[in-house]
Amino acid sequence: MTGKLRRTVFVARDGVRLVGDRGGSADAPAVILLHGGGQTRHSWSRAVERLLAEGFQVVNYDARGHGESDWSPEGAYQLTDRADDLATIAANLDVPFLLVGASLGGATSIVAIDRGLRPSGLVLVDIVPEPDPRGIGRIVSFMRDHLDGFATVDDAAAAVAAYNPRHRASADHSGLMKNLRMRPDGRFRWHWDPRIIAAAPEHHHAVVQHAARSLAGLPNLPVLLVRGLASDVVSDAGIAAFRDMLPRLELLDVAGAGHMVAGDRNDAFNDGVIGFARRILSADAQAAK
């Protein structure tokens, strides 16, 4: 299956079905990709192409309540639920693996590590234990403002452009349609369960801040923070606080990118993450011999 993707279904501990794509050689070191809140695995499409071309195995899945994955009947969307999902997926690998988590995906990764998951390395994409509440508030407001959906796909595209003016608008809405579904009333709604934003952001931040302390006790775990220099979520103060906790933290600043780093500056993002993955996973593969 090298260079090709196959649709894969993982079953979480509580029975929720998690749909993903898996590609590359089963013997190759792996990269697990975790998208942000309100996104789907398709946000990583170009990163997946580069990782496969570089010879990595890739697992890229829709988080519970997102995309093709099931919505939890009980509304189980705590970070601990998501961390358990990640542990289930990682258990399918027999090779060293790297976690790359954007925003919610990064928070999930931190909590999973606190709960015992041991990746070879961690890449956090525009998320720190102490994010800027103004940026988080803007994200949550965007998600809550459009729960009633859109009359047309063009309306949805306009809303995205207003939220993220750095993202290049396209007349081709095929990518956007991966995040939308037409409901029986004829309106287009985001393809995620509205209950994922039921809890206040401060609740999740407290969980991440507590879990992040465990990173300091894992000196052999390399951690890379990728920040969009135009981000309103990760501030200099947030980075300084994280560095106080984790002095070995590596930082990659991506110019011209906001919170949606991979979408805003995909090539720069891919180059930085792939360089880190080569270094970390190659070292782990050598140590295993």
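The values are calculated or read from the model by the stated rules, or taken from the named source; none is laboratory data. Note that the structure is predicted; figures quoted are calculated from it, not measured. When we count neighbours, we look across all protein chains shown, and the Cβ atoms used for this are built from the backbone with ideal geometry, even at glycine.
Looking at 129, 96, can you tell me which residue is more than 19 Å from residue 202 (Cα to Cα) and at pLDDT 95 or above?
Working: 129 fails: more than 19 Å from residue 202 (Cα to Cα).
Among 129, 96, only 96 is more than 19 Å from residue 202 (Cα to Cα) and at pLDDT 95 or above.
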Residues of the stretch 62-120 that turn out to be within 21 Å of residue 226 (Cα to Cα) and surrounded by fewer than 17 Cβ atoms within 10 Å (Cβ to Cβ), as a count: 1
Scope the stretch 166-184; condition within 21 Å of the chain's Cα centre (by Cα), loosely packed, with under 13 Cβ neighbours inside 10 Å and modelled with pLDDT of 85 or more; matching residues: none
Selection from the stretch 123-141 of residues that are free of Cβ contacts under 8 Å to residues at least 60 places away in the same chain and surrounded by 13 or more Cβ atoms within 10 Å (Cβ to Cβ): none
Residue pairs meeting the criteria (Cβ under 6 Å; at least 6 apart or on separate chains; first within 16 Å of residue 221 (Cα to Cα), in the stretch 242-257; second surrounded by fewer than 17 Cβ atoms within 10 Å (Cβ to Cβ) and of a type in the set (Lys, Arg)): 249/243
The one condition in (1) of a type outside the set (Asp, Glu); (2) more than 24 Å from residue 56 (Cα to Cα); (3) in contact (Cβ under 8 Å) with a residue 12 or more places away in the chain; (4) out of contact with any His (no Cβ under 8 Å at 6 or more places or on another chain) that residue 73 fails to fulfil: (3)
Scan of the stretch 79-91 for residues that are farther than 13 Å from residue 60 by Cβ and in contact (Cβ under 8 Å) with a residue 40 or more places away in the chain, ordered by number: 79, 80, 81, 84, 85, 88, 90
Number of positions in the stretch 53-70 that are among the hydroxyl-bearing types (Ser, Thr, Tyr) and in a loop (DSSP other than H, G, I, E, B): 1
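For residues that are on the phi > 0 side of the Ramachandran plot and over 14 Å from the mean Cα position of the chain (by Cα), tally how many sit in the stretch 66-96. First the steps, then the outcome.
Narrowing the stretch 66-96 to residues on the phi > 0 side of the Ramachandran plot: 67, 75.
Within this subset, residues satisfying the condition of being over 14 Å from the mean Cα position of the chain (by Cα) are 75.
Count: 1.
Results for (1) surrounded by 20 or more Cβ atoms within 10 Å (Cβ to Cβ); (2) of a type in the set (Ser, Thr, Tyr); (3) in a helix (DSSP H, G or I), shown as yes or no for each residue.
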{"site": "7", "(1), (2), (3)": "no, no, no"}
{"site": "15", "(1), (2), (3)": "no, no, no"}
{"site": "18", "(1), (2), (3)": "yes, no, no"}
{"site": "25", "(1), (2), (3)": "no, yes, no"}
{"site": "43", "(1), (2), (3)": "yes, yes, yes"}
{"site": "46", "(1), (2), (3)": "no, no, yes"}
{"site": "51", "(1), (2), (3)": "yes, no, yes"}
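Being of a type in the set (D, E, K, R) and in a loop (DSSP other than H, G, I, E, B) is the filter here, so list the residues in the stretch 27-41 that pass it. Please lay out each step first, then the result.
Filtering the stretch 27-41 down to residues of a type in the set (D, E, K, R) leaves 27, 41.
Hit for the stretch 27-41 is 27, nothing else.
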